[in-house]
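See below for the structure under consideration.
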Amino acid sequence: MIDFTHVLAGPACSYYLGLLGANVIKVESTSKGDAIRHRGGTDAAAAEIGMSTSYLTQGAGKKSIALDLTKSSDNQIFHHLLARADVLVENHIPKTMAALGLDEHSLAARHPHLIHCAMTGYGRGGPQENTPAYDVNIQAACGLMEMTGTTDSGPIRVGAPVLDYATAMAASFAVSAALYERGNSGKGTFIDVSMLETGLSLMSSTVTDYLITGNMPQRRGNLANSRSPGAGSYPCKSGIISLGVNEESHFQNLAVALSREDWLSDPRFADRSSRKRHATAFVAAIEAELLKKSAQEWEPILQNAGVPSARLRHLAEALASDQVTQRHFIKRLNDDSAVPTLPFRIGGVPGYAPASSAPQKGEHTDEILRWLDQTDQ
C-alpha cells in the first residue's frame with residue numbers, strides 16, 4: 001500500500017489497514033514531510049524534531065520514502081511504486097493531484113489494477129470539491145457542532161477530532177470492500193470518501209428524523225437522543241453517572257437497584273407514557289436517590305442490576321480500566337512509546353500491534369529504492 005497522505009484522516013486509514021496486515025510505504029515530501037509531524041499534541045520538543053505525538057499516533061508500522069513529486073525523476077519513482085502496489089491512499093484536494101499528473105483518471109489509465117482511495121473534505125463533484133478542510137471545519141459544516149452543547153453554551157466542537165478518525169475508518173472499510181471486489185473482477189477502482197458525508201453518516205438517525213418530520217435537532221446537553229426520561233447524566237454525592245434507561249426492563253431494574261420498588265406501582269412512573277408526562281418529577285426522584293452515594297459506588301450497583309450506566313471518567317481512568325487493558329487496545333512499541341490499535345477483534349486475536357515505531361521522514365528511502373531496483377530486474 002502506498003500512503004500519500006498527511007495530517008490525521010489519511011494516515012489513520014493506512015495505519016488501520018497496516019494493523020490488519022498491509023505493508024505500508026509512506027511517501028512524504030522532501031521538504032517538511034507530513035505537516036502533522038510538526039504540530040499537534042502537547043509535546044512541543046517532539047514536534048520541533050518532526051515527531052509530534054499526533055504523527056506518532058498513526059505513523060507506526062510504516063516505511064517512509066521522501067520524494068519531490070514535482071521532479072520527473074521522483075514522479076517516475078512514485079509510478080514504479082504504484083505499479084507494484086495494490087492500494088494508493090491519499091487525501092489531497094483534486095487540483096493538487098491533477099497538477100502532479102496523479103488524478104484518478106490518469107492513474108486508472110496507467111495502473112488499472114490499482115485501488116485508489118481519495119479522502120477529501122467534501123468529496124468529488126460539487127462546488128466545494130477543491131475546498132481544503134480540517135476536522136473542525138467539517139464539524140461546523142455538517143451540523144454536528146450546532147447540535148452539541150446546551151441552549152446557553154451555544155455550539156461546541158466535539159473535543160476529539162472524531163471526523164478525522166471516522167473518515168479513516170470509513171475509507172478503510174471501503175478499501176477492504178474494493179479489494180474483495182477486485183478479487184472477483186481483477187480490476188482496480190477509485191474510492192471517493194467525503195468527510196462531510198462521513199459527518200452526516202455519524203448523525204444518521206438525526207438526519208432521518210429531520211427528513212421525515214422537518215424538526216430541526218436542538219442542543220440537548222447531556223440528555224440522550226432517545227428522549228427517554230431517565231436517559232442522561234446525573235450528579236451523585238461525588239462524580240457524575242450516565243444512565244440509559246430506555247426500555248421498561250431498564251426502568252424496572254433501576255427501581256430495584258435504587259431500592260425504589262414503589263415506583264413500579266406509582267401511577268406517575270409505572271409506564272413510559274406516564275413517565276414522559278411526569279418527566280420533571282421522575283428526573284428529580286432519580287437525582288434525589290443518586291445523591292446518596294458516589295458515582296463510583298453506584299456504577300457497579302446499577303450495572304450489576306442490568307441498568308445501562310457508566311461513571312464519567314477522564315481519559316487516564318478510561319485507559320487504565322481493566323476493560324481496556326485486558327483487551328490490549330493500547331500497544332507499547334519497542335521505543336517505549338504507546339499507540340491505540342483497532343476497536344475490534346477478528347477470530348479472537350487480542351489486539352493488533354504495528355511492527356515498528358513511526359519512521360523519521362525518508363528513513364527508508366534507500367531501502368525502498370533498492371527494493372524497486374531489484375523488482376525491476
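The values are calculated or read from the model by the stated rules, or taken from the named source; none is laboratory data. Note that the structure is a prediction, hence the values are computed from the model and not measured. Counting neighbours? That spans all protein chains shown, and the Cβs are built from the backbone with ideal geometry, glycine included.
Restricting the range 63-80 to residues that are charged (D, E, K, R) and loosely packed, with under 15 Cβ neighbours inside 10 Å leaves a set whose member that is farthest from Ala177 (Cα to Cα) is Lys71.
Is it fair to say Ala83 is surrounded by fewer than 16 Cβ atoms within 10 Å (Cβ to Cβ) and within 23 Å of Phe190 (Cα to Cα)? So Ala83 fits the description; yes. Mind checking whether some residue in the range 163-172 is assigned to a loop (DSSP other than H, G, I, E, B) and under 29 Å from Arg220 (Cβ atoms)? No.
Among the residues of the range 103-126 satisfying the criterion of being buried (at least 23 other Cβ atoms within 10 Å of the Cβ) and among the hydrophobic types (A, V, I, L, M, F, W, C), which is farthest from Cys13 (Cα to Cα)? Of everything passing the filter in the range 103-126, Ile115 is farthest from Cys13 (Cα to Cα).
Of all residues in the range 278-304, those that are more than 22 Å from Glu317 (Cβ to Cβ) and surrounded by 12 or more Cβ atoms within 10 Å (Cβ to Cβ) total 10. Working only within the range 185-201, note down all residues that are free of Cβ contacts under 8 Å to residues at least 60 places away in the same chain and among the aliphatic types (A, V, I, L, M). Answer for the range 185-201, where residues must be free of Cβ contacts under 8 Å to residues at least 60 places away in the same chain and among the aliphatic types (A, V, I, L, M): just Leu200.
Of the helices (runs of 4 or more DSSP H) lying entirely inside the range 194-287, the ones with 3 or more residues being polar (S, T, N, Q) are found at 204-213, 248-257. Taken over the range 26-45, the criterion of being of a type outside the set (Val, Ile, Thr), surrounded by fewer than 19 Cβ atoms within 10 Å (Cβ to Cβ) and closer than 26 Å to Glu367 by Cβ is satisfied by Ser29, Ser31, Lys32, Ala35, His38. Of Leu258, Leu291, Leu312, all but one fail to be touching a Leu at 6+ places or on another chain (Cβ under 9 Å), aliphatic (A, V, I, L, M) and either under 14 Å from Cys236 (Cβ atoms) or in contact (Cβ under 8 Å) with a residue 40 or more places away in the chain (or both); the exception is Leu258.
Of the numbered criteria (1) touching a His at 6+ places or on another chain (Cβ under 7 Å); (2) not assigned by TED's automatic domain parsing to the domain that holds Leu56, the one Pro350 fails is (2).
Scanning the range 202-219 for residues that are free of Cβ contacts under 8 Å to residues at least 24 places away in the same chain and not aliphatic (A, V, I, L, M) yields Ser204, Ser205, Thr208, Asp209, Tyr210, Thr213, Gly214, Asn215. Screening the candidates Glu181, Glu197 for the property of being of a type in the set (Asp, Glu), closer than 26 Å to Asn91 by Cα and surrounded by fewer than 16 Cβ atoms within 10 Å (Cβ to Cβ) yields one hit, Glu181. Applying the criterion of at least 2 residues that are of a type outside the set (D, E, K, R), closer than 30 Å to Leu258 by Cα and more than 22 Å from the chain's Cα centre (by Cα) to the helices (runs of 4 or more DSSP H) found wholly in the range 303-377 leaves an empty list. Kindly provide the set of residues from the range 83-101 that are touching a residue at least 60 places away in the same chain (Cβ under 8 Å) and farther than 16 Å from His6 by Cα, ordered by number. Within the range 83-101, Arg84, Ala85, Asp86, Val87 qualify. All told, Asp376 falls short of being loosely packed, with under 11 Cβ neighbours inside 10 Å, within 23 Å of Leu82 (Cα to Cα), modelled with pLDDT of 90 or more and of a type in the set (D, E, K, R). Does Thr151 qualify as being assigned by TED's automatic domain parsing to the domain that holds Gly41, part of a helix (DSSP H, G or I) and among the β-branched types (Val, Ile, Thr)? For Thr151, the condition - assigned by TED's automatic domain parsing to the domain that holds Gly41, part of a helix (DSSP H, G or I) and among the β-branched types (Val, Ile, Thr) - is not met. Inside the range 226-241, residues that are touching a Phe, Trp or Tyr at 6+ places or on another chain (Cβ under 8 Å), under 16 Å from Arg311 (Cα atoms) and buried (at least 17 other Cβ atoms within 10 Å of the Cβ) make up a count of 3. Residues in the range 49-78 that are within 29 Å of Pro161 (Cα to Cα) and polar (S, T, N, Q): Ser52, Thr53, Ser54, Thr57, Gln58, Ser64.
Going by what's in this entry, would Val175 be described as within 23 Å of the chain's Cα centre (by Cα) and in a strand (DSSP E or B)? So Val175 fails the test. Scanning the range 332-347 for residues that are touching a helix residue (DSSP H, G or I) at 6+ places or on another chain (Cβ under 7 Å) and within 17 Å of Ser242 (Cα to Cα) turns up nothing.
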